[in-house]
Amino acid sequence: RNRCQSLDLRGNARHCFLTGNLDSYRNLIGKGLRCLLDVPHTTGQEVYRNAHHSLGRFFSQSSQPLGEKISSLLISSLGQPPRHFPAWNIQINRSFHTSPSLQAAPVPLFWIIVKPAQKLFAIILGRSIRNWWKALPPNKRELFKESARKNKWKILLGVSSLGVVFVMFYFTHLEETPITGRARLLVFGKEHFRELSQMEYDMWMEQFKSQMLPETDARYQVVERVVGHLSESNKDIPQVSALKWVIHVVDEPGVNAFVLPNGQVFVFTGLLDAVSDIHQLSFILGHEIAHAVLEHAAEKASLVHFLDFLSLIFLTMIWAICPRDSLAIVGQWIQSKLQEFMFDRPYSRTLEAEADKVGLQFAAKACVDVRASSVFWQQMELAETIQGQPKLPEWLSTHPSHENRAEHLDRLIPEALKIRESCNCPSLSGPDPRLIFKLNMQHLLESSKGRGPPNSTKQDPSKPKLDFPHT
């Protein structure tokens, strides 16, 4: 958890750099909106040599030297793929995740402490009501039922009043999402998350303190320039210019990246090995920046807090109605799973799709080849297929499936290309990277039909290597 006119998502940095010369910049004014472009100063031979290393591979660990790897990332931003492609060695090790294992921003500390106490209170209250009812003599039970029937309209009015209070609370806390204009519940504002963001930042820094790359490392500089270029190109958006973006590159093989609500950017080196070129990296970081700009962490925390408060009523009823504690525990588990799969996870997928849309717009304003965005998720889909990972239904996940994500981005790319054009970006030359990927997949399928089973003595089945023919 993105257009020249006005966008939403999540930098303070330098200027745009999409070129082989990091010190060459040119400001372009397009339709009254400022977009930046880096002017390349490389020969065609240099472009081919570097692109040969970068665009010719899809993802995972690379055997090429770091210097060539970083150079190829920069050169590939020219948007001009080479005329020939080398044999591609694909080594799939893991799946890609664009969020940390913990929430990017937990709910305010007070509610973190109080939430278990609230549930415990609801359980004790419900259980007490059940025991009280069991202890009542039969005649008193009948008197109580009779009294309830006589006052049913008063009881209904009281329940309805409680429902009205919740509805009023919901609609009085609706706000408009920056850039997209979507109405969303926001109970916690930025001020509630500043201290917690700092606490989580300290936690991550403690965890990765021995794995942080120095600022002199070429991989750090690539990430710094990508984030800087994205923030500079989108500084007309107040939410982007208001945050100070701080870069942290972690020497960790996991394919991961996330941005905290206070602008702290964390990128794993596994992601740098996974992307094919600078365009894919720009889109992924634009997606993560979008989460911060759109305040998705505060929005998700607000929804969870609201639903948890509502669930206390149902939790009390479950423990009051169920005749035994064992049945109440099962009922509580079912209630929590229904909330998770009917509200929490679908809402998370909605936020991910929104971050994809805004991140694509951010990338378009930065003159990135936005067509590469859907290719990345097709690559991840291919990686999981080759690795033999089981495909879970999308409704079980907090993220859209790789396939659906690629299709969603394909539908958004035409609009992103118009945004890119409105920013006076140079026209995209060369074939569409989506077409290149499709053709190479066809070559892969054709070549695999004529091959026998791999020799287990020569190849580790957990790390399949596929050779793509020259195109």
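Using θ = phi - 60° and the Karplus relation 6.51 cos²θ - 1.76 cosθ + 1.60, list the HN-Hα couplings for segment 291-302 in order, rounded to whole Hz, with x at every Gly or Pro.
4, 6, 5, 7, 6, 5, 5, 5, 5, 5, 4, 5
For segment 203-337, what % of the accessible area comes from carbon and sulfur atoms, probe 1.4 Å?
Taking all protein chains in place, segment 203-337 shows 62 percent carbon and sulfur surface.
Applying the Karplus parametrisation 6.51 cos²θ - 1.76 cosθ + 1.60 with θ = phi - 60° to the phi angles of segment 170-186, what ³J(HN,Hα) value in whole Hz is obtained for each residue in order, glycine and proline being reported as x?
3J(HN,Hα) across segment 170-186, in whole Hz: 4, 6, 7, 10, 7, 10, 9, 5, x, 6, 7, x, 6, 6, 8, 6, 9.
Can you work out the Karplus-derived ³J(HN,Hα) for every residue in segment 247-259? Use 6.51 cos²θ - 1.76 cosθ + 1.60 with θ = phi - 60°, whole Hz, and x for glycine or proline.
Result, rounded to whole Hz: 9, 9, 10, 9, 6, 9, x, x, 7, 8, 7, 7, 10.
Name the long-range amide H neighbours of residue 254: under 5 Å, sequence gap of 5 or more, or other chain; modelled H, no Pro or chain starts.
Long-range HN contacts for residue 254: 270.
Where both residues lie in segment 185-445, what percent of DSSP beta bridges are antiparallel, nearest 5?
Just about 45 percent of them are antiparallel.
Give, rounded to the nearest 20 debye, the magnitude of the charge dipole that segment 185-445 has about its Cα centre when Lys and Arg contribute +1 at Cβ and Asp and Glu contribute -1 at Cβ.
With Lys and Arg at +1 and Asp and Glu at -1, about 460 debye.
Quick query: amide H of residue 188 versus all other amide H atoms, modeled in the peptide plane; which residues come in under 5 Å with a sequence gap of 5 or more or a different chain?
302
The values are calculated or read from the model by the stated rules, or taken from the named source; none is laboratory data. Just so we're clear, the structure is a prediction, and the values are computed from it rather than from any experiment. Backbone-built Cβ (ideal geometry, glycine too); neighbour counts: all protein chains shown. Heavy atoms of the whole protein, side chains included, go into the accessibility calculation; ligands, DNA and RNA do not. Shrake-Rupley method; radii C 1.70, N 1.55, O 1.52, S 1.80 Å.
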